[in-house]
Amino acid sequence: MLNALLKLERQQPMIKTRWIILPILVLLLMYSWQQQIFTAWVLLSLIWTIIVLNHVLIAKTRRNKLEKIEQLNIDPIFWNKLKQQYPELSLKQRRLIELGFKDYLALHVMQKQAYTMPSHAVDALWHVMLQYPIQYQYLCKQTIGRTLHHSPYDAGIKPEEQARQLFEAWKYSCMLHGYNPRNTMQLPRLFAIDQALAWENGQLFELEQMTKDFAKYMQDQSSSSSSCGSSCSSCGGD
C-alpha cells in the first residue's frame, strides 16, 4: 500500500478543448451571416468565449503552482526536526508524508478555502514547519503564493463546519488524482497515509462510508443556500 501511494500522481487541471472551440465557431458563424436578428447570439457567444478564456487562464495559473509544488525540495531543517521526534520513520515513510503535505498544498491551489487535515502523520510535519516561521512562510509563498495559516482543531467548531471542511478535502483530494469523489474505488493518498504508516492514533477512513457520506453531503448542499466564510485550515478531529 505504501509503494502504491508513493507512485500515485497528481492530475493537472485541464479545460476541455470543445468548450473553447464551440463558442468560437458559433461566434464566427454568426459574424459571417451579418444579420441583425442574430446580434443577441453573437453577444452570448462572445460572453461565453470570455468566460472560457478566463477559466483557461485560471487553469494555467493552477498548473504553474502545482508544478512548483511538484518540484519543491522541503528544507532539511524540517526533516531533521521530524527525525528527532519520530526516529523510527524510514526514508520511504518520510517520503510519503512529504507527498501528503504537497497534496495538502495542492488542495489550496485547486480551491482557496478551509480544509480539514485528513492525516495526523502529515499534520506532524506541518507542526514541525510552524516552528520555523521564516522557512515555512518562504515555502508557502514559493508554491501557493500565500502563507497557509494553521488553525488547531477546536471541538467547539460546529459539526456542520467540520463536515464541510472534511468533505471538501475529500472532494478535491479525489479530483487531485482523477478520482470521482462520489464513487471512487480507492482512497485518495491524503486519506490513506495514516493507515499505510500504521500511525499511532491516526485517522482511518473507510472507502464505502466516505463515498456514501459525501453523496449525502452534496445532496444537503444542493438543497441549502448557506455557506461558510472560514479561511483557516485546521487539524483533523477524531
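The values are calculated or read from the model by the stated rules, or taken from the named source; none is laboratory data. Quick caveat, the model's predicted, so the values are computed rather than measured. Quick reminder, even Gly has a Cβ in these numbers, built from the backbone with ideal geometry, and neighbours come from all protein chains shown. Just so you know, the surface numbers come from the protein's heavy atoms only, side chains and all, with ligands and any DNA or RNA stripped out. Shrake-Rupley method; radii C 1.70, N 1.55, O 1.52, S 1.80 Å.
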query: Quick check, is His108 open to solvent by 10 Å² or more (accessible area, probe 1.4 Å) and in contact with a strand residue (DSSP E or B) (Cβ under 9 Å, 6 or more places away or on another chain)?
result: no
query: Within region 208-227, is there a residue that is modelled with pLDDT of 95 or more, open to solvent by 30 Å² or more (accessible area, probe 1.4 Å), over 27 Å from Arg146 (Cα atoms) and aromatic (Phe, Trp, Tyr)?
result: no
field: Search result, residues across region 111-120 that are open to solvent by less than 20 Å² (accessible area, probe 1.4 Å) and out of contact with any Phe, Trp or Tyr (no Cβ under 9 Å at 6 or more places or on another chain)
entry: Ala114
message: Pairs needed: first member in region 107-118, modelled with pLDDT of 95 or more; second member anywhere, open to solvent by 20 Å² or more (accessible area, probe 1.4 Å) and among the hydroxyl-bearing types (Ser, Thr, Tyr); C-beta distance under 6 Å; at least 6 residues apart or different chains.
response: Leu107/Tyr172
- prompt: Got at least one residue in region 193-200 being touching a residue at least 24 places away in the same chain (Cβ under 8 Å), under 30 Å from Lys60 (Cβ atoms), crowded, with 16+ Cβ neighbours inside 10 Å and under 17 Å from the mean Cα position of the chain (by Cα)?
  reply: yes
- prompt: Applying the selection to region 2-24, what residues are exposed (fewer than 13 other Cβ atoms within 10 Å of the Cβ), among the hydrophobic types (A, V, I, L, M, F, W, C) and modelled with pLDDT of 65 or more?
  reply: Ala4, Ile21
- prompt: Mind checking whether some residue in region 61-70 is part of a strand (DSSP E or B), open to solvent by less than 70 Å² (accessible area, probe 1.4 Å) and within 25 Å of Phe191 (Cβ to Cβ)?
  reply: no
- prompt: Would region 122-131 turn up any residue that is free of Cβ contacts under 8 Å to residues at least 40 places away in the same chain and open to solvent by 10 Å² or more (accessible area, probe 1.4 Å)?
  reply: yes
task: Report, by residue number, each residue of region 81-93 that is in a helix (DSSP H, G or I) and surrounded by 18 or more Cβ atoms within 10 Å (Cβ to Cβ).
output: Leu82, Gln93
message: I'd like the full set of residues that are open to solvent by less than 20 Å² (accessible area, probe 1.4 Å) and in a helix (DSSP H, G or I), limited to region 171-192.
response: Ser173, Cys174, Leu176, Arg189, Leu190, Phe191, Ala192
- request: Determine whether Ser233 is modelled with pLDDT under 90 and open to solvent by less than 10 Å² (accessible area, probe 1.4 Å).
  value: yes
query: Does Phe78 satisfy being open to solvent by less than 10 Å² (accessible area, probe 1.4 Å), over 24 Å from Leu204 (Cβ atoms) and either assigned to a helix (DSSP H, G or I) or not small (Gly, Ala, Ser) (or both)?
result: yes
